[in-house]
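Note sheet for the following structure.
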Amino acid sequence: MRNLLMTVSYDGTNYYGFQTQPGGNTVQDHLEAAIFGLTGERVKIHGSGRTDAGVHARQQPFNFPTAAKIPVERWCLALNSRLPSDIRVTSAREVPLSFHSRRSAKRKTYRYTINGNRFPDVFQRNYQLHHYGRLDIEAMRLGLAFLVGTHDYTSFASRHSTQPSHVRTIYDARLETETSPDASGSDGQGVIHLYFTGNGFLQHMVRIIVGTMLEIGEGKRKPEDIPLILEARNREAAGPTAESKGLMLWSVEYDETALRL
């Protein structure tokens, strides 16, 4: 028996998230069907985490046990030939049987993208939240800085969160802008990317943070409100949940020692 670790990229527009749900049509469903079609094995893959409906992934690791003798270097092409065109397996390697893509993860990074131009980009409309209206970028950066560290993020978690603890650590929260014509597609503030790196994230956490940052950018809140929101530990203290389409799982990092056979 081997334990294979793979990385998948997907456009989440047409899916109900990564993890299998009763309604079906998830990325996990398609991956498991492709593995069955290739090997005849009915496996349950282990993803590095969940993503909500409409959320995308640049790099999402998953692992599963297999008795198939297929060489590692052939898995990606073989699976991709059985997957929809908006799901692609981009890497594969064998890892120790003890490795688990979620429990072994050390750092995760998400990116949220906002189009701050007058008109939405028709070609990027499924990957950007369009916000026409001047945003105070520096105020948003100041607000993000207050989120860095180890905190109880209950105010930024879904009311439906079932996690026993809402304490997480955010290592980095930053904002970058693209203002070139090629990046923006129209006049305005350009494309705004918010990056969040942490040891884990709660349900809707990044999207609620983004919704709160937008209120800061609009002048409805001050950057200095963030510590008070954290202290409240109450979902009603934070801003709205931003749309899922602007969110992308950017990367997941592991200690190399956990990956070595």
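The values are calculated or read from the model by the stated rules, or taken from the named source; none is laboratory data. Keep in mind that this is a model prediction, so the values were computed, not measured. Positions of Cβ are backbone-derived with ideal geometry, glycine not excepted, and every protein chain shown enters the neighbour counts. Note: areas computed on protein heavy atoms with side chains; ligands, DNA, RNA excluded. Shrake-Rupley method; radii C 1.70, N 1.55, O 1.52, S 1.80 Å.
Before moving on, here are some points about what is shown:
- For the chain, averaging the sequence separation of C-alpha pairs within contact (under 8 Å, six or more residues apart) and dividing by the residue count gives a relative contact order of 25 percent.
- Potential lengthening between Ala145 and Arg125 on full extension [0.36 nm per residue; Cα-Cα distance subtracted]: 4.4 nm
- Charge tally around Tyr15: other residues with Cβ under 14 Å, Lys/Arg +1 each, Asp/Glu -1 each, net -2.
- Of every Cα-Cα pair in the stretch 107-251, the percent that sits beyond 23 Å: 30 percent
- When the solvent-accessible area of the stretch 107-251 is split by element, carbon and sulfur atoms take up 48 percent of it, the probe being 1.4 Å.
- Taking 20 Å as the cut-off, the amide N atoms of the stretch 91-117 that come nearer than this to a point 7 Å along the Cα-to-beta-carbon line of Met1 belong to 93-104.
- Normalising the average separation of contacting C-alpha pairs (under 8 angstrom, six or more residues apart) by the number of residues puts the relative contact order of the stretch 77-205 at 30 percent.
- In a reduced charge model with +1 at each Lys and Arg Cβ and -1 at each Asp and Glu Cβ, the stretch 2-103 shows a dipole moment near 300 debye about its Cα centre.
- Only helical runs count toward this figure. For the chain, summing -39,500 (n - 2.57) over DSSP H runs of n ≥ 4 and dividing by all residues gives -6000 deg cm²/dmol at 222 nm.
- Pairwise Cα inverse-distance average, inverted: Kirkwood Rh of the chain (Å): 19.4 Å
- With at most 10 neighbouring Cβ atoms within 10 Å, loop trypsin sites (Lys or Arg not before Pro) (DSSP) excluded, longest segment of the chain: 160-259
- Relative contact order (%) - the stretch 1-150, alpha-carbon pairs under 8 angstrom, separation at least six: 28 percent
- Which of Glu94, Glu32, Glu224 is most accessible, then next, and so on - probe 1.4 Å: Glu224, Glu94, Glu32
- Anchor Lys108: lysines whose Cα lies under 30 Å away (excluding residues fewer than 8 positions away in-chain): Lys44, Lys220, Lys222, Lys245
- Placing unit charges on each Cβ (+1 for Lys and Arg, -1 for Asp and Glu) gives the stretch 2-103 a dipole about its Cα centre, and among Val72, Gln21, Thr51 the Cα reaching farthest toward its positive end belongs to Val72.
- Accessible area (Å², per residue) of the stretch 103-261, counting only protein heavy atoms and a probe of 1.4 Å: 50 Å²
- Size of electric dipole in the chain: Cβ of Lys, Arg +1 and of Asp, Glu -1, about Cα centre, debye, nearest 20: 780 debye
- In Å, descending, principal axis extents of the Cα set of the stretch 2-103: 34, 29, 24
- Space enclosed by the convex hull of the alpha-carbon atoms of the stretch 129-180, per residue, Å³: 127 Å³
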